[in-house]
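The block underneath contains the structure these notes are about, expressed in structure tokens.
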Protein chains: 2
Amino acid sequence: MHQDALQQFGLRIKQLRQAQGISQEELGARAQLDRTYISGIERGKRNVSFKNIVLIADALQISVAELFNVPEFS
Amino acid sequence: MHQDALQQFGLRIKQLRQAQGISQEELGARAQLDRTYISGIERGKRNVSFKNIVLIADALQISVAELFNVPEFS
DNA sequence: GTGTGACTAGAAGTCCGTG
DNA sequence: GCACGGACTTCTAGTCACA
């Protein structure tokens, strides 16, 4: 976790999403967030709020702890 | 992670801060955030952004993964 | 040393569209 | 299915005076 944590976060979301074989649109629908916003997050352009982090984790059906339980955030 | 994740988050910050024996003011100084803002976070009144989550984790000298590595977020 | 309400600027987030 | 932009509304960031 150094500079550009947001891009790391976006990549993590993207990987998890693709691992489930769903589109940004589908993830957005599940999390009740706009598809273009999901796109921005995955590209590291959005400074996501905690509530939305929780929404996205839920949509990906994992816990917040699991979401960050990777070397990039350790 | 059920209702009021923000309050869980605030409590977590508070516990970590107190475990280090530092004041909100000191934590704020380390994270370069206002002490009243830290206060609001600990009380679950602020929907913190990811960038600030990272700043606070750094100020507490732990990783983001560790920050969420508790039952409340699992 | 902390809780709280209020405030403004600027970022978050939505909704329309394009290639 | 995704990146990206413009215009728009809603919310957070950041700070203050006061208790």
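The values are calculated or read from the model by the stated rules, or taken from the named source; none is laboratory data. These figures come from a predicted structure and were not determined experimentally. Cβ: placed from backbone, ideal geometry, glycine included. Neighbour counts: every protein chain shown.
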* Asked: Restricting attention to the range B:25-42, and to residues there that are away from DNA strand D (no atom under 11 Å from the Cβ) and under 10 Å from the mean Cα position of the chain (by Cα), which single residue is nearest to the other protein chains (Cβ to nearest Cβ)?
  -> B:42
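A quick yes/no check of all residues on (1) of a type outside the set (D, E, K, R); (2) out of contact with any strand residue (DSSP E or B) (no Cβ under 9 Å at 6 or more places or on another chain); (3) over 14 Å from residue A:50 (Cα atoms); (4) at pLDDT below 95:
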site	(1), (2), (3), (4)
B:18	yes, yes, yes, no
B:25	no, yes, yes, no
B:28	yes, yes, yes, no
B:36	yes, yes, yes, no
B:54	yes, yes, no, no
B:57	yes, yes, no, no
B:60	yes, yes, yes, no
* Asked: Tally time: how many residues in the range A:40-52 are in contact (Cβ under 8 Å) with a residue 24 or more places away in the chain and among the hydrophobic types (A, V, I, L, M, F, W, C)?
  -> 2
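Restricting to the range A:33-58, give me the number of residues that are among the β-branched types (Val, Ile, Thr), buried (at least 16 other Cβ atoms within 10 Å of the Cβ) and farther than 15 Å from residue B:4 by Cβ.
Let us first name the residues in the range A:33-58 that are among the β-branched types (Val, Ile, Thr), namely A:36, A:38, A:41, A:48, A:53-54, A:56.
Subset that is buried (at least 16 other Cβ atoms within 10 Å of the Cβ): A:38, A:41, A:48, A:53-54, A:56.
Now narrow it down to the ones that are farther than 15 Å from residue B:4 by Cβ: A:38, A:41, A:48, A:56.
Summing the residues that are among the β-branched types (Val, Ile, Thr), buried (at least 16 other Cβ atoms within 10 Å of the Cβ) and farther than 15 Å from residue B:4 by Cβ in the range A:33-58 gives 4.
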